[in-house]
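> Quick one: the structure is below, and I'll ask about it shortly.
Taken together, the values in this text are just the output of simple stated rules run on the coordinates, not laboratory data. Note that the structure is predicted; figures quoted are calculated from it, not measured. All Cβ positions, glycine included, derive from the backbone under ideal geometry; neighbour counts span all protein chains shown.
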């Protein structure tokens, strides 16, 4: 036991390699084919919070990815339409910096990710994307918003997911106490937090939970 504590003390006090730490950028990567505009972000936000995009009209993207509660639903596995899902809901915050999405990493962009939940029986449960589009077309405000953003009166799957992804790329958390610490503000973390940071690195946690989002290449 004494030997264990000796090793632990050495690890805590061992210098942290600077390259292990990186502040979250102030803006995420933006795809060339989906540039950010204020109108597109507003449309995406409206879609993200709209429960009418679900079969029952009661579930929105925010129902599981609650941006006011850590970006997830706080459950072991998600529940929707009275059905228990198969996986834990990852946070939506800073997902714009993740290069592989879903727990199995099956897609590499927020646009592709947004194509799944609306037609998943254990999520928003729409029959298919044709039904989603028809539902949106029946809501007058959406027709005008899509035409304004995409200069196209036709509402398409690609334009729906582009708008949602554009909004999701605004859900980032730069300038946290950690970010300020690694960019030079040594007073932004407490001594206890710095000890934890060193231990986190020296025990090898950063092998999987790497900079700057502590998620590695995929969630």
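> Neighbouring Cβ atoms within 10 Å as the yardstick, rank 205, 61 fewest first.
Numbers: 205 13, 61 26.
Listed from fewest to most nearby Cβ atoms, that is 205, 61.
> For n ≥ 4 DSSP H runs only, could you compute -39500 (n - 2.57) per run for the chain, divide by its residues and tell me the 222 nm figure to the nearest 500?
Values: 9 runs with 81 residues, N = 219.
So the helix-based figure for the chain works out to -10500 deg cm²/dmol.
> Where the centre of each part is set by its Cα atoms, how far does the stretch 129-169 sit from the stretch 27-70, in angstrom?
11 Å
> Ranked by Cβ crowding within 10 angstrom, fewest neighbours first, how are 209, 65 ordered?
209, 65
> Here's a follow-up. Would you list 97, 150 from fewest to most Cβ contacts within 10 Å?
Placing the least packed residue first, the sequence is 97, 150.
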